[in-house]
1. If I go through the stretch 127-158 residue by residue, how many of them are of a type in the set (Gly, Ala, Ser), part of a strand (DSSP E or B) and on the phi < 0 side of the Ramachandran plot?
2. For Val61, which of the numbered conditions (1) part of a strand (DSSP E or B); (2) modelled with pLDDT under 95; (3) surrounded by fewer than 17 Cβ atoms within 10 Å (Cβ to Cβ) fails to hold?
3. Within the stretch 127-157, work out how many residues are surrounded by 13 or more Cβ atoms within 10 Å (Cβ to Cβ) and among the charged types (D, E, K, R).
4. Say we look at the stretch 87-126 and pick out the residues that are modelled with pLDDT of 95 or more and part of a loop (DSSP other than H, G, I, E, B); which of these is surrounded by the most Cβ atoms within 10 Å (Cβ to Cβ)?
5. For the stretch 111-144, what are the residues that are more than 13 Å from Ile90 (Cβ to Cβ) and hydrophobic (A, V, I, L, M, F, W, C)?
6. Looking only at the stretch 82-118, count every residue that is without any contact (Cβ under 8 Å) to a residue 12 or more places away in the chain and within 23 Å of the chain's Cα centre (by Cα) and tell me the total.
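The values are calculated or read from the model by the stated rules, or taken from the named source; none is laboratory data. All values derive from a computational prediction rather than experimental measurement. Note that each Cβ is placed from the backbone with ideal geometry, even for glycine, and that neighbours are counted across all protein chains shown.
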Amino acid sequence: MKTVIIFLSILITSSLLYSQSSIVYDAGTSIDVGTGADVCAGTITVNGTFSGDGTFCNGPVAVEIDTILVPGKFELSQNYPNPFNPSTKIIWQSPVSSQVTLKVYDVLGNEVATLVNEEKTAGSYEVEFDGSHLSSGIYFYELRAGEFVQTKKLILMK
């Protein structure tokens, strides 16, 4: 009888200990867990960045860490490959949410393609440009995101 009571006491106590809540940190949140500190819950989801020497502890459910790194500055990378035939990738990053346009122009300044024209959240992006319908030559791609404007050259060689 004593064994059954002790077993039930342990079972009830352990179930109370593991019925913890969930913690979700939103995207863009920065968490600093200081040395010796613990962040504990049944489920912890980090959608931002975290730092410090503290620990994340949890019950029987694993900690989910989805780190989303928000870029610190605007950047438009050189397309790759360059020269290209018939397609190339263009990568950029934005530290803020804004209306983004990415357009391709010929050497005379005529717009030949609009690759992006929409509101984008802060983050890193990649788009593929297919130039199979264009003739060989030099083209320019321009990124406009908020107040940021940058243009780079790309070369199509068929």
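1. In the first step, residues of the stretch 127-158 are kept if they are of a type in the set (Gly, Ala, Ser); the result is 131-132, 135-137, 145-146.
Checking which are part of a strand (DSSP E or B) leaves us with 137, 145.
From what is left, the residues that are on the phi < 0 side of the Ramachandran plot are 145.
Adding up the residues that qualify gives 1.
2. (1)
3. Result for the stretch 127-157: 3.
4. So the residue we want is Val107.
5. Passing the criteria: Val112, Ala122, Leu134, Ile138.
6. Taking the stretch 82-118 first, the residues without any contact (Cβ under 8 Å) to a residue 12 or more places away in the chain are 108-111.
Going one step further and asking which of them are within 23 Å of the chain's Cα centre (by Cα), we end up with none.
Counting residues in the stretch 82-118 that are without any contact (Cβ under 8 Å) to a residue 12 or more places away in the chain and within 23 Å of the chain's Cα centre (by Cα) gives 0.
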